[in-house]
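Shown next, in structure tokens, is the structure this report addresses.
The values are calculated or read from the model by the stated rules, or taken from the named source; none is laboratory data. Remember, it's a predicted structure, so these values are computed and weren't measured experimentally. Every residue, glycine as well, gets a Cβ built from its backbone with ideal geometry; the counts of neighbours run over all protein chains shown.
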Amino acid sequence: MPTRLTTRRRKAKAASDAQGGDHANLPAREEIIAFIKEQTGKVGRREIARAFGIKGGDRIFLKHLLKELEEEGLIDRKRKRLTGKDMLPPVVLADIVSRDEDGELIAVPADWDAADDGAAPRILVTLSRRPRPGQPAPGINDRALLRVQRNDEDEDGPAYSGRVIKVLPRQKAQILGIFRPLPGGGGRLIPVDKKMLGKELAIAPGDEGGAGDGDLVAVHVAPQKRYGLDMAKVRERLGSMKSEKAVSQVALHVHNIPHVFPDQVIAEAEAARHVGLAGREDWRDLPIITIDPADAKDHDDAVHARPDDDPKNEGGFVLTVAIADVAAYVRPGSALDREALERGNSVYFPDRVVPMLPERISNDLCSLRPLEDRPAIAVRMVIGADGLKKRHSFHRVMMRSAARLSYQQAQAAIDGRPDGVTGPILEPVLKPLWDCYRCLARARDERQPLALDLPERKIILNAEGMVDQVLVPERLDAHRLIEECMILANVAAAEALEKAKIPFIYRAHDEPSLTKMHALGEVLASVALKMPKQGALRPTLFNRILKAVEGLEHQTFINEVVLRTQSQAEYTSQNYGHFGLNLRRYAHFTSPIRRYADLIVHRALISAHDLGKDGLHPETTHDQLAEISARISAAERRAMAAERETIDRLIAYHLADKVGATFEGQISGVTKSGLFVKLDHTGADGFVPASTIGDDYFRYEEYGHALVGDRTGETYRLGDRVSVKLVEAAPVQGALRFELLSEGRKGAAPLPHGRRGRPGGGKPGGRKGAGTKVRIGSTARRKGGKGRT
């Protein structure tokens, strides 16, 4: 056992002895691990202490023993609960990948981080005893929701068995590409997958499937020939790539994103009529306003603030956030509801939006248009002078927006440049909102959420649907105001539903894993920085790191590494807090037009406050919400991938006629095979193969995020500034290839190797000879607007 763990246990024993611990009844390490693996509900230090009767000073010893087991990799800490190594939650979204020797289906978790957790555990798939009507039988390449449990009887078989809850629609294995005809018939297929860059497929005469030049098609690949190109046959023509929305069309088909509403859904939406005032409070005289991007088509949140006239809350405010009442039009079990669940969220491309709900709902009935009556669910919050929420209440109302403003328009008015719309509401509406925001900002600064500084670029297209310019929009106080209002409303929703004991869907964000924290420590050591001392792992630790590198050459590099250290936020029926926002409980309430999770929260609030008969079904269970959470989390990841790939393709089209040009950029990724470089102006990512760098052999240093020359020690590290020449642009795949013009850091000593190639002899806290000792603070766990927070 490593010396540092023995030292920890000795110190823990001394502390325990000082508080009267006798250690006589402490369980063995094996007993604790076995107990954790047997549990299906929440399990943490408190549950373990209760189960084994551990009291007094012995709790200190237990705390350090659990930390030791975690660092040894014998247990994990996921979603604020301890689990056995590689343990899965009760409901898993899984991909069926093979059959075993008995012909049984084998699946693996769809969202498994092999870099953090190693090889994915295998799941033996079993069918439900009572399959749902019309439920298809699962097969290889299908994606399914599984209810899993440990399979301890067969040590040599899969670690889990999983009962099929639902087989989800998933694109069958196929290759998509752009068809190019040949004069004598037949043609060539240019695949859209980056992994097939430079590899074309041949299509024989008669196998074109009616495809024309430039069409996006799906093909079936014939058995590979020994010589020549692989042969393919067109199975389906998906559309022309000559249309204005052709680039995003590729992403829709590659990721199988539903983008055409079924007739029944459209009919249901068109049949919907405006709801009346019955059963609602009349708030139409409240001068509430919407503030959104200038090009927004739907407006689903509105805000209002006024000074609190309660003498006991001097300097405080009454803040109101009203959200479009989508639940009034989208009823549980309806065609609209089923389609919204299937889509999970709206998907935003530079050239189009694929909405979660038809325009009749999203852009008409539920869009908070100015001077028009609209139903809403509102939360009224009393804010103290310190910016903290004192209390809140939820209401089902009829409102009338007093104005529709853009962020720039609202900010200009506050900065002394009002226009015809903002002038009349500047004093009575806008200034109280900004005064309230200043209070909220003080509370935010005290809370210290994660403060990453990574600019977001916006692509502006021309009339042909191609890139006209790439902008980094200015970050305004108007943006921050709306974000803080929405975050506070989301917190109020979660608190209200927990108090009412109504099941709902949380928006949760786990803290970084120990593996990623150790890797961050190594990166900081490589640039002569120390990990700040910190008793508990919380966002303030990262903020201190980010503050330390402000204005330095490593600023962007460290911001990127800190971002990669974070876990991915998700939807879940179990609360484990939101680490990034530093909040104990959080739910998405503020955008039910574009997120299904918010619609669930609205229905739960309706039920909790007896606001109507269209709330959450009274028999809704945590298990059902766990299934929904898994589906919409997967839909969100699908949307993010599609949006990212579309931007890559658009940028590649934009740069296709600039081959040979020189650009400035920054190394944004380092792998064994080469460097990824992000260009300054466009934010485009391209690749530099390691084989094209200099005349040295470059070795990949994982924990230094660097390529290091064996002979010269010349080093290229994540975040380094470089000059590159564009040598190839592949718009169809969204890929760029660069030639490196800059020289690396001269004379940089190669990082020393230790056990398993880890710098520093395998010790995760530092690296020998680096000249800097890294101290990673204790990682004891602590439960912690718009966009994807």
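All of (1) crowded, with 21+ Cβ neighbours inside 10 Å; (2) on the phi > 0 side of the Ramachandran plot hold for G660 with one exception: (1). Of the listed requirements (1) of a type outside the set (A, V, I, L, M); (2) surrounded by 20 or more Cβ atoms within 10 Å (Cβ to Cβ); (3) closer than 27 Å to A443 by Cβ, R480 misses just one: (2).
Matching residues to (1) at positive phi; (2) assigned by TED's automatic domain parsing to the domain that holds D337; (3) surrounded by fewer than 20 Cβ atoms within 10 Å (Cβ to Cβ); (4) among the aromatic types (F, W, Y):
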| position | (1), (2), (3), (4) |
| --- | --- |
| Q568 | no, no, yes, no |
| T572 | no, no, no, no |
| P592 | no, yes, no, no |
| H609 | no, yes, yes, no |
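State which residue is farthest from the chain's Cα centre (by Cα) when the search covers only segment 245-279 and only residues that are under 29 Å from L650 (Cβ atoms) and of a type in the set (S, T, N, Q). Going through the qualifying residues, I end up with Q249. Of all the numbered requirements in (1) modelled with pLDDT of 85 or more; (2) part of a loop (DSSP other than H, G, I, E, B); (3) more than 30 Å from R343 (Cβ to Cβ), A211 misses one, and that requirement is (3). Taking strands (runs of 3 or more DSSP E) as the structural unit, those lying wholly within segment 383-477 and holding at least 2 residues that are surrounded by fewer than 17 Cβ atoms within 10 Å (Cβ to Cβ) correspond to 389-400, 458-461, 467-471. Taking every residue in segment 203-223 that is at negative phi and surrounded by fewer than 20 Cβ atoms within 10 Å (Cβ to Cβ) and pairing it with any residue that is among the small types (G, A, S) and not in a loop (DSSP other than H, G, I, E, B), at least 6 positions away or on another chain, the pairs with Cβ-Cβ distances below 8 Å are D207/A232; G212/S240; H220/A232; V221/A232; A222/A232. Hey, does segment 595-607 have a residue that's of a type outside the set (D, E, K, R), in a loop (DSSP other than H, G, I, E, B) and assigned by TED's automatic domain parsing to the domain that holds G344? No, there is no match, as no residue in segment 595-607 is of a type outside the set (D, E, K, R), in a loop (DSSP other than H, G, I, E, B) and assigned by TED's automatic domain parsing to the domain that holds G344. Checking the structure you have, find out if any residue of segment 287-310 is of a type outside the set (D, E, K, R), in a loop (DSSP other than H, G, I, E, B), surrounded by fewer than 21 Cβ atoms within 10 Å (Cβ to Cβ) and modelled with pLDDT of 95 or more. Checked segment 287-310: at least one residue is of a type outside the set (D, E, K, R), in a loop (DSSP other than H, G, I, E, B), surrounded by fewer than 21 Cβ atoms within 10 Å (Cβ to Cβ) and modelled with pLDDT of 95 or more. Screening R584 against (1) at negative phi; (2) surrounded by 18 or more Cβ atoms within 10 Å (Cβ to Cβ) leaves a single unmet condition, (2). The residue list L368, L341, L357 contains one member that is in a loop (DSSP other than H, G, I, E, B) and under 26 Å from the mean Cα position of the chain (by Cα), which is L357.
Checked against the criteria, V724 does not count as among the β-branched types (V, I, T), under 29 Å from the mean Cα position of the chain (by Cα) and modelled with pLDDT of 80 or more. In summary, no strands (runs of 3 or more DSSP E) completely within segment 53-100 bear 2 or more residues that are under 15 Å from S513 (Cα atoms), at pLDDT 75 or above and not β-branched (V, I, T). Taking the criterion of being over 21 Å from T565 (Cβ atoms), touching a helix residue (DSSP H, G or I) at 6+ places or on another chain (Cβ under 9 Å), small (G, A, S) and in a strand (DSSP E or B), the residues of segment 664-716 that qualify are G674, G686.
Somewhere in segment 253-264, is a residue outside any loop (DSSP other than H, G, I, E, B), modelled with pLDDT under 95 and surrounded by 16 or more Cβ atoms within 10 Å (Cβ to Cβ)?
Taking every residue of segment 253-264 in turn, at least one turns out to be outside any loop (DSSP other than H, G, I, E, B), modelled with pLDDT under 95 and surrounded by 16 or more Cβ atoms within 10 Å (Cβ to Cβ).
In the set L520, L426, only one residue is more than 21 Å from the chain's Cα centre (by Cα) and among the hydrophobic types (A, V, I, L, M, F, W, C); that residue is L426.
Exactly one residue among G765, G719, G761 is in contact with a His (Cβ under 9 Å, 6 or more places away or on another chain), part of a loop (DSSP other than H, G, I, E, B), at pLDDT below 90 and crowded, with 21+ Cβ neighbours inside 10 Å, and that residue is G719. Considering segment 231-252, the residues that are over 18 Å from P181 (Cβ atoms) and at pLDDT 85 or above include one that is surrounded by the most Cβ atoms within 10 Å (Cβ to Cβ), namely V247.
Quick check on G239: is it under 37 Å from the mean Cα position of the chain (by Cα), closer than 20 Å to R343 by Cβ and not in a helix (DSSP H, G or I)? Yes; evaluated as a whole, the condition is true for this residue.
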